[in-house]
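Accompanying notes for the structure given below.
The values are calculated or read from the model by the stated rules, or taken from the named source; none is laboratory data. On a predicted model such as this, the values are computed, not experimentally measured, just so you know. Note that each Cβ is placed from the backbone with ideal geometry, even for glycine, and that neighbours are counted across all protein chains shown.
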Amino acid sequence: MDQSAVCAGCHRNITDRFLLRVTGGLWHEECVRCAACGDALTSSCFLRDSKLYCKRDYYDQEPHTLQAAAHTISEQFSAK
Ligand SMILES: [Zn+2]
Ligand SMILES: [Zn+2]
């Protein structure tokens, strides 16, 4: 009932009404952004070493695994 969601990016509780589900974890909306350029990620993202990257920055370093690495970002409201 009082189970709180913890952000997979910053590991702090998510108290926002609005959160994002990415790579099987929950994230603050503000934490879902590229670790390289800081762009907010909206529909898809790429995960490496527990950090999210945009397509452009991920492709720079991992061009051959781009297809397999794409994650979908889905929006949801917390139960609170
Ligand atoms: Zn966070
Ligand atoms: Zn980027």
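Candidates in segment 1-12 are the residues that are near ligand 1 (Cβ under 9 Å from one of its atoms) and outside any strand (DSSP E or B); of these, the one that is surrounded by the fewest Cβ atoms within 10 Å (Cβ to Cβ) is 11. When residues in segment 13-36 are screened for being within 20 Å of residue 56 (Cα to Cα) and either within 16 Å of ligand 2 (Cβ to nearest atom) or surrounded by 19 or more Cβ atoms within 10 Å (Cβ to Cβ) (or both), 8 of them pass.
Only one entry of 65, 42, 15 meets the criterion of being at negative phi, β-branched (Val, Ile, Thr), part of a loop (DSSP other than H, G, I, E, B) and at pLDDT below 90, and that entry is 42.
Among the residues of segment 41-52, the one identified as farther than 12 Å from residue 22 by Cα and surrounded by 12 or more Cβ atoms within 10 Å (Cβ to Cβ) is 48. Residues of segment 1-55 that are of a type in the set (A, V, I, L, M) and more than 26 Å from residue 65 (Cα to Cα): 1, 5, 6, 14, 19.
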